[in-house]
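Engineer: The structure's right below; bear with me while I get my questions together.
The values are calculated or read from the model by the stated rules, or taken from the named source; none is laboratory data. Not measured: the values here are computed from a predicted model. Glycine gets a Cβ as well: all are built from the backbone with ideal geometry, and neighbour counts include every protein chain shown.
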Amino acid sequence: MASEVVLITGASSGIGWEIAERFASDGAELILVARREEKLRELADRLHADHGTKTRIISMDLSNPGAASELHKKVVETHPDIDVLVNNAGFGQYGKFEEIPADRHVDMCMLNVVTLTELTRLILPRMIERNRGSILNLGSTASFQPGPNCAVYYATKAYVLSFSEALTAELWGTNISVTCLCPGPTITGFGSDSDMEQANIFKMLKMPVEPVVDAGYRGVRKKRRLVVPGFMNNLLAFSVRFTARPVILWIMKRLQPLPSPSKDS
């Protein structure tokens, strides 16, 4: 029997790295995608040593326009059929909307929304033809409400959740599942890269990466529509259903305050 083929974006660190470990331990063949080739090679070597994993690495920046199409062309050269697509690549940025460079916002939308959507559109038809496959999209607890001082990131993650749930409904009656993993703050490089480590909500709710990935991996295997790891994350994510929108905005503004200007500045 041929090995399960798993395509993972954003595989060079954090959740992507850890979920590659889970699939490798289950005997999958992996296609790992990220910008940092040296980190991908390090991961591929480690997985081969630990599990004998057959891995293909593709180094590219998925925030570039047309990146998904370019990636798909490279993938189908050797792997026309993908069994599991993990849309993990993404980033955020903490700060006032007007003070964050415009190209940072655009790249965030390209990576978190456009590339995820296009890559799913390119890979899903073959899954439908074969009537099997799984898609894991990385949302966030940010998917459930607006995020003042992190406006674009929260908006992109709201899209990921809505898109994933809509696809789930479209695919009812098939053997194809779409799972949206919505973790809260997670101890990876994401917090420092996005400057979100300074936010109160990050400090209060941060979780180790391992239980987050374990929950997401189980969710894929059990074909769950939505996975929110951690009791407090679940409580906060679903409490917004019963809270007035202005109250949510008031709370989030105070959970994500910007630092006060230095007296020396």
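Engineer: In the stretch 144-189, which residues are in a loop (DSSP other than H, G, I, E, B), at pLDDT 95 or above and more than 13 Å from the chain's Cα centre (by Cα)?
Structural biologist: Those that are in a loop (DSSP other than H, G, I, E, B), at pLDDT 95 or above and more than 13 Å from the chain's Cα centre (by Cα): 171, 172, 173, 174, 175.
Each row is one residue, and each column tells you yes or no for (1) in contact (Cβ under 8 Å) with a residue 12 or more places away in the chain; (2) buried (at least 23 other Cβ atoms within 10 Å of the Cβ); (3) in contact with a strand residue (DSSP E or B) (Cβ under 9 Å, 6 or more places away or on another chain).
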position	(1), (2), (3)
64	yes, no, no
69	yes, no, no
95	yes, no, no
110	yes, no, no
134	yes, no, yes
139	yes, yes, yes
145	yes, no, no
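Engineer: Something else: Show the residue pairs meeting these rules: Cβ distance below 7 Å; 6+ apart or different chains; first residue within the stretch 35-61 and within 15 Å of residue 12 (Cα to Cα) and free of Cβ contacts under 8 Å to residues at least 60 places away in the same chain; second residue assigned to a loop (DSSP other than H, G, I, E, B) and of a type in the set (Asp, Glu).
Structural biologist: Close Cβ pairs (under 7 Å, with a partner that is assigned to a loop (DSSP other than H, G, I, E, B) and of a type in the set (Asp, Glu)) amount to 35/61.
Engineer: Going by what's in this entry, would residue 9 be described as closer than 16 Å to residue 112 by Cβ, modelled with pLDDT of 95 or more and among the hydroxyl-bearing types (Ser, Thr, Tyr)?
Structural biologist: In short, yes.
Engineer: Then there's this: Give me the residue from the stretch 1-60 that is polar (S, T, N, Q), more than 11 Å from residue 89 (Cα to Cα) and within 21 Å of the chain's Cα centre (by Cα) and, out of that set, surrounded by the fewest Cβ atoms within 10 Å (Cβ to Cβ).
Structural biologist: Of everything passing the filter in the stretch 1-60, 25 is surrounded by the fewest Cβ atoms within 10 Å (Cβ to Cβ).
Engineer: Checking the conditions here, which among 203, 253 is of a type in the set (D, E, K, R), in a helix (DSSP H, G or I), modelled with pLDDT of 75 or more and more than 20 Å from the chain's Cα centre (by Cα)?
Structural biologist: That would be 253, the only listed residue that is of a type in the set (D, E, K, R), in a helix (DSSP H, G or I), modelled with pLDDT of 75 or more and more than 20 Å from the chain's Cα centre (by Cα).
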